[in-house]
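> My structure is below; once you've seen it, I'll send some questions.
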Amino acid sequence: MTIDETLVERFLGFGGRQADEITRLKIREVSARLEKSCHPRWTGTRLPLRFENGFPCIEDRLIESRGLARNLDGCEEVILFAATIGPECDRLIQRAEAVSMSDAAICQAAGAAMIECFADEVNEQLRKEAEDNGQSLRPRFSPGYGDLPLDLQKYFSLVLDMPKTIGVRLNDSLLMVPSKSITAFIGIAPRETEENREIKAGCALCEAKDTCTYRRETS
Amino acid sequence: MRKPLMERIGKERLFFDGGSGTILQARGLKPGEHPDLWNLSHPEEVIALNRAYYEAGSHIVNTNTFGTSRFHFPDQVEEIVLAAVANAKKARELAGREEDAYVALDIGPSGKLLEPMGDLAFEDAVEAFAEVVRAGAKAGADLVMIETMNDTLEAKAAVLAAKENCDLPVFLTMTFDESGQLLTGGSCECAAVMMEGLGVDGFGLNCSLGPRQMAKIAKRLSEIVTVPLLVNPNAGLPRTNRLGQTVFDVGPEEFASCMREIADCGASALGGCCGTTPDHIRVLIDSLNDVPFIPCRNKKRTLVSGTSVIQEIGDIPKVIGERINPTGKKRLQQALREEDYSYILSQAIAQEEAGADILDVNVGLPGIDEPRIMRTSVLRLQGVTSLPLQLDSSDPEALEAGMRIYNGKPMINSVSAKEETIRAVMPLVKKYGGVLVGLCLDEEGIPETAEGRLKCAEKIYKAAEEYGLSKEDIVIDGLAMTVSSSPDSAKITLETIRRIHGEYRGNTILGVSNISFGLPMRERINAAFFAMALQNGLSAAIINPNNEMMMSSFRSSLALLEKDENFEKYIQSCSNDQPSAPAMKSETVFSLKEAVERGMKEAASQAAKKELAEKEPLEVINTCIVPALDAVGQGFEKKTIYLPQLLMAAEAAKAAFEEVKAKMSGTVRETRGRMILATVKGDIHDIGKNIVKVMLENYGYEVLDLGRNVDPEVIADTAVKEGIRLVGLSALMTTTVKAMEETIVLLRKTCPDTKIVVGGAVLTKEYAEKIGADRYAKDAMETVRYADEVFGGKA
């Protein structure tokens, strides 16, 4: 898999501008190293979805989040998705921190970009599969985003058996280890539902959209 | 009368049981219900499960205690374990297998994450497992079966708990992916080497894969493992059916036929994991009737391991980096006294990049808490290097502190033929595992003849045998002594090496550079002596891998001694030494200010030297470095310069400051103020805090960096003790902002005049005000500006 280097630049705070030559060279070098040494993995399961009082409900678990409700509105199923690029990136960041903080910052941004790109790649496969079934997928929606409680990490971990399947574990503060990991709901809707829907997703849905440095130009 | 298990395992083929989850579910266990509680509520069902396996022919059946620990059942551990062992015993009796079958106390992962990444302290993990072990031993289990482990450090905690709390045999199986890697990093070989060192009585793999995928990994393990190999696959790879349930597709016949291959590569005990049933085990046992059993044998290899690298001491000599040893190194002494671990880590990385295979770690200095510093150094070093470490100390307590937390099988430096050191060190090596360096000296001192040194070696070998260590785990140090004070000393050392290698088939090691003490141009003597020692069969050398002459002597010798296939390493090192393409080495000479602004470390250091030749150090700081930093800082604030450039400039400035420091012979420039930085309790992501630290230091602030995951009490106590006026706190997640708030509350109580600045991904100005901080800083420059305000008397 390849890391989108413009995404790395965005995570480093360059906004929409191109990074300087030296930074670009370093980004390329670090990205190549991560691509070579990280082993991304993912897992997911598809579960039926219903709504109670306007909130999504999965396996008797009611999730009181308006954001997620909006995201999953019209869906009949949902994928619980988790992915990681593994522990190597964290080790490389720690290692860089002992020698050069600029390298460490770049490694951290490249790792963040790598897990995004990997999740996008898997997402694309899932989208194609869904399409073959006459369905379409909603954008990923992660615990901790908007009003979706971070506490749901425990549910993901349990249902997907994340420690065993992809080696992702939680500490008491619900941080994932390895750090470059993602969990998300991905709604599955019948295609006809989608045709009349004005999809608001990603940055457009976020409360910090007007002030965020990492905001995508288009979303 | 039942034969002790240890008299059978490895000498005949034994069988484990299979899966339990799906069987208990079929008997009415609800999803989400804890199977362990069924030992108490539905003993008859658990007995039926265990009994079915005993009747199918399993010799070893696991108690239904996979999830039993204080983390799930704070007050019920003993009750559950006693019931579970009683159930298994009852099942064995009902099956009529009391004469030849065993009850295994089953222990699974704690489900918690160990420090430093997680919240569970290593010793707390040991204690949690110990609670289960004590109950199991009390109830009369025949062995401890630790299984499905995917973190080597957690597995170590469980093994130590078992070893320290009972005399039962301890088996361990771990979970690997299809490529034979642990999901937490590290190969199956690495895990095997480490766990054998810890003294497990059987090692192997279980869960996650089916027998077909496991065969390859079992084969790899069979080449390295000396203890009996244990293999318990799932009934194929898990698959989710249309109802969202996990199912396994490999039936008993297919399972058994795949397991033949695993039996052929020498597995001593076989069974199943998820999805396997008593039928799988029955058919497996039948089908292996005609397959001859391969007894375990000692592989006679000398192996040490780090988190993901194994080094074999033997035919191909190894380089052990000597730079992390404070003897004669002022800068390292200072780093150790200040507990400046980043300096120690940078030494490790530099040696690894220069080609070291193993890194020596000696942190002994008068007046420091060596055990604690050894422990922390090991933890920190293993976070950045995957190479094996050689723990080096004359203090057995410091050795044990390092060995206990070490993630792998270390080298231990050292023991001698003195009774006292043998008694102090060998039991530690037996308990924790390691390859031990044995110095050829005894109560009488260092023998002056090779004959005398061989006698010492012999005594060490003999003692090792008495303590239950294998000869492979001893490496003899022939002792390189200063040739300038006794001219025949090099010859004596070389003879010792040659004879240990030839007559004893033993491994040898030398601290090479001692030889040249007192002579000019020491590296010339060192390099020649090194080559001679290699020719005499030296297996490992403690040297400075950053020294080009030593490394070229090493690589050339290997090439000449037929120890470098196709001269691969030699040629590789030559191409690295070629001067690099001139493109980057531009002719342009930059002024110090330009070099810092452009973030060029080397150039900044050169330019600083030049400036210092003409100007006073303070003038260089005030007219070149500070203006450059200011320009970059302002650029960052105006968004014409971005984070990587800001940091590169900071690093270039740091390089320039080093030159200034050297010129001022240590007197540091006046600090503008002292402050604390910490990432709050529960939070392990501290890169942002570290960026802020670099910037603050460049602007002349002294930073007490308390690290990450820091207790509020530690921050408050330090602030009081050190009379701190400004504290900076970082937190990444909403969950950890709570800990930040607690820290602020405590600080307000203990030192009301101290200012608090906060930062981190989820924080905003409003949020910061809400939790009572004095200031929110959105990035490193804002923190610097706020520090200027506080210490400039404006805040």
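> Can you work out the FRET efficiency for the pair B:Glu44 and B:Ser257, with r the C-beta to C-beta distance and R0 = 35 Å, to the nearest 0.05?
Numbers: r = 35 Å, r/R0 = 0.99.
Efficiency computed from Cβ-Cβ geometry: 0.50.
> When ligands, DNA and RNA are left out and all protein chains stay put, how many square angstrom of accessible area per residue does region B:303-409 have with a 1.4 Å probe? Show your work: numbers first, answer last.
Numbers: 3630 Å² over 107 residues.
Value for region B:303-409: 34 Å² per residue.
> A plus B alone minus the pair: what accessible area, both sides summed, probe 1.4 Å, in Å² to 100? If you can, show how the numbers build up before the last one.
Values: alone 12190 and 35340 Å², together 43650 Å².
Chains A and B together bury roughly 3900 Å² of accessible area.
> On the first, second and third principal axes, largest extent first, how far apart are the outermost C-alpha atoms of region B:488-551 in Å?
35, 25, 14
> Average the reciprocal distances over every distinct pair of alpha-carbons in region B:33-182, invert the result, and give the Kirkwood radius in Å.
Numbers: mean 1/r = 0.0644 Å⁻¹.
Kirkwood hydrodynamic radius for region B:33-182: 15.5 Å.
> Find how much the distance from B:Ser591 to B:Glu702 grows on full extension, using 0.36 nm per residue of separation minus their present alpha carbon separation; answer in nm with one decimal.
Separation in residues times 0.36 nm, less the Cα-Cα distance, equals 37.2 nm.
> Now, a different point. Along the charge dipole of the protein assembly as shown, which of B:Gly759, B:Ile691, B:Leu24 sits closest to the positive end, that is, farthest toward it, with unit charges on the beta carbon of Lys, Arg, Asp and Glu (+1, +1, -1, -1)?
Highest projection toward the positive end goes to B:Ile691.
> With point charges of +1 on the Cβ of Lys and Arg and -1 on the Cβ of Asp and Glu, referenced to the Cα centre of the protein assembly as shown, which listed residue (B:Tyr504, B:Val361, A:Ala189) lies farthest in the positive direction of the dipole?
Working it through, the farthest residue towards the positive pole turns out to be B:Val361.
> To make sure I understand the rule: partners must be lysines, Cα under 30 Å from the Cα of B:Lys90, and not fewer than 8 residues away in the same chain. Which ones qualify?
B:Lys3, B:Lys11, B:Lys30, B:Lys138, B:Lys163
> Where nothing but the Cβ of Lys and Arg (+1) and of Asp and Glu (-1) is charged, how large is the charge dipole of the protein assembly as shown around its Cα centre, in debye to the nearest 20? Walk me through the numbers on the way to the answer.
On the way: 119 positive and 150 negative charges, 195 e Å.
Rounded to the nearest 20 debye, it is 940 debye.
> Next up: Check cross-link reach from A:Lys209 to the aspartates and glutamates: straight Cα distance under 12 Å, and skip same-chain residues fewer than eight apart.
Result set, ordered by chain and number: A:Glu217.
> Accessible area per residue of region B:592-663 at 1.4 Å probe, in Å²?
Working: 3400 Å² over 72 residues.
Counting only protein heavy atoms, the per-residue value for region B:592-663 is 47 Å².
> With each label point set 7 Å from Cα along the Cα-Cβ vector, what nm distance links B:Glu99 and B:Lys609?
Going from the B:Glu99 label point to the B:Lys609 one covers 8.5 nm.
> Right, something else. Taking Cα pairs under 8 Å and at least six residues apart, what relative contact order does region B:135-231 come out at, in percent? Before the final figure, lay out the partial values.
Working: 149 pairs, mean separation 26.6, N = 97.
For region B:135-231, the relative contact order is 27 percent.
> On the full set of protein chains, 1.4 Å probe, figure out the accessible area of B:Thr640 and give it in Å² to the nearest 10.
Spelled out: B:Thr640, probe radius 1.4 Å, area about 100 Å².
> Taking a 1.4 Å probe, which of B:Arg499, B:Arg453 shows the most accessible area, and what order do the others take after it? Can you show the working numbers first?
Working: B:Arg499 45, B:Arg453 10 Å².
Largest accessible area first, the residues go B:Arg499, B:Arg453.
> Could you work out how far apart the two model spin labels at B:Thr750 and B:Glu637 are, taking each label as a point 7 Å from the Cα in the direction of the beta carbon, and quote it in nm?
For the pair B:Thr750/B:Glu637, the computed spacing is 3.3 nm.
> Cβ under 14 Å from A:Leu152's Cβ, A:Leu152 left aside: what net charge do those residues give with Lys, Arg +1 and Asp, Glu -1?
On the way: positive: A:Arg61, A:Arg140, A:Lys154; negative: A:Glu59, A:Glu64, A:Asp147, A:Asp151.
Result for the local shell: -1.
> Of B:Ala603, A:Leu47, A:Ala130, which is farthest towards the positive pole of the protein assembly as shown's charge dipole, taken about the Cα centre with +1 and -1 on the beta-carbons of Lys, Arg and Asp, Glu respectively?
B:Ala603
> Label region B:673-791 by shape, choosing from rounded, prolate and oblate, from the square roots a ≥ b ≥ c of the eigenvalues of the Cα gyration tensor; if a/c is under 1.5 it is rounded, and otherwise prolate applies when a/b is larger than b/c, oblate when it is not. Please report the intermediate quantities before stating the final value.
On the way: a/c = 1.30, a/b = 1.09, b/c = 1.19.
The shape class here is rounded.
> Moving on. Subtract the Cα-Cα distance of B:Asp167 and B:Ile446 from 0.36 nm times their separation in residues, and report this length gain in nm to one decimal. Show your work: numbers first, answer last.
Values: separation 279, 0.36 × 279 = 100.44 nm, distance 3.98 nm.
Extra length from B:Asp167 to B:Ile446 when fully extended: 96.5 nm.
> Can you work out the base-10 log of I(q)/I(0) for the protein assembly as shown at q = 0.08 1/Å, using the Debye formula on its C-alpha atoms alone?
-0.92
> Still on this structure, I have one more. When we measure straight from the Cα of B:Lys569, which aspartates and glutamates land under 19 angstrom away, once same-chain ones fewer than 8 places off are left out?
Once the sequence-local aspartates and glutamates are set aside, what remains near B:Lys569 is B:Glu312, B:Asp315, B:Glu352, B:Glu353, B:Asp357, B:Glu548, B:Asp577.
> Still on this structure, I have one more. Taking springs between alpha-carbon atoms closer than 10 angstrom, which of A:Ile186, A:Ile63, A:Ile106 fluctuates most in the Gaussian network model of chain A?
Taking springs between Cα atoms under 10 Å, the residue moving most is A:Ile63.
> Tell me what the protein assembly as shown gives for mean residue ellipticity at 222 nm when only DSSP H runs of n ≥ 4 count, each as -39,500 (n - 2.57), the sum divided by the residue total, rounded to 500 deg cm²/dmol.
Value at 222 nm, helices only: -14000 deg cm²/dmol.
> Also: For chain B, what is Rg from Cα atoms divided by 2.2 N^0.38 Å, rounded to two decimals?
1.09
> Quick check: the distance between the Cα centres of region B:212-253 and region A:63-124, to the nearest angstrom?
With region B:212-253 and region A:63-124 each reduced to a Cα centre, they are spaced 30 Å.
> Find the centroid of the Cα atoms in region B:631-657 and in region A:34-54, then give the distance between the two in whole Å.
Region B:631-657 and region A:34-54 have Cα centres separated by 39 Å.
> Could the peptides A:140-146, A:119-125 be put in order, highest first, of the mean number of other beta-carbon atoms found within 10 Å of their residues?
Working: A:140-146: 19.4, A:119-125: 16.3.
Ranking, from highest mean packing down: A:140-146, A:119-125.
> Further question on the same structure: For peptide A:156-169, compute the average count of partner chain beta-carbon atoms within 10 Å of each residue's beta-carbon. Display every interim value, and only then the final one.
Values: counts 0, 1, 2, 1, 0, 2, 1, 9, 9, 4, 2, 9, 1, 11.
For peptide A:156-169, the averaged partner shielding equals 4.
> Tell me, what is the per residue accessible area of region B:423-542 in Å², probe radius 1.4 Å?
On the way: 5280 Å² over 120 residues.
Accessible surface, normalised per residue, equals 44 Å².
> Here's a follow-up. In the neighborhood of B:Asp177, defined by Cβ-to-Cβ distances under 12 Å, what is the net charge if each Lys or Arg adds +1 and each Asp or Glu adds -1? Could the numbers behind the result be given before it?
Numbers: positive: A:Arg41, A:Lys164, B:Lys216; negative: B:Glu178.
Net charge around B:Asp177: +2.
> Is the shape of region B:303-409 best called rounded, prolate or oblate, per the rule: a/c under 1.5 gives rounded, else a/b larger than b/c gives prolate, else oblate, with a ≥ b ≥ c the square roots of the Cα gyration tensor eigenvalues? Don't skip to the answer; put the middle values down first.
Working: a/c = 1.74, a/b = 1.40, b/c = 1.24.
Prolate, because a/c is 1.5 or more and a/b exceeds b/c.
> How large a share of the accessible area of region B:303-409, in percent, is made up of carbon and sulfur atoms when the probe is 1.4 Å and the other protein chains stay in place? Mind showing how you got there, number by number?
Working: 1590 of 3630 Å².
C and S atoms contribute 44 percent here.
> Still on this structure, please answer the following. Label points 7 Å out from Cα along the Cβ direction at B:Arg337 and B:Asn566: separation in nm?
It works out to 5.2 nm between the two label points.
> Quick check: with the 1.4 Å probe, what order do B:Trp38, A:Trp42 take by accessible area, largest first? Each step should come with its number before you reach the end.
Values: B:Trp38 5, A:Trp42 95 Å².
From most accessible down to least: A:Trp42, B:Trp38.
> Determine by what factor the alpha-carbon radius of gyration of region B:104-249 differs from 2.2 N^0.38 Å, reporting the quotient.
Working: Rg = 15.5 Å, N = 146, 2.2 N^0.38 = 14.6 Å.
Relative to the 2.2 N^0.38 Å estimate, region B:104-249 comes out at 1.06.
The values are calculated or read from the model by the stated rules, or taken from the named source; none is laboratory data. Keep in mind that what you see is a predicted model, and the values were worked out from it rather than measured. Note: ideal-geometry Cβ built from the backbone for every residue, glycine included; neighbour counts use all protein chains shown. These accessible areas exclude ligands, DNA and RNA; they are computed on the full protein's heavy atoms, side chains included. Shrake-Rupley method; radii C 1.70, N 1.55, O 1.52, S 1.80 Å.
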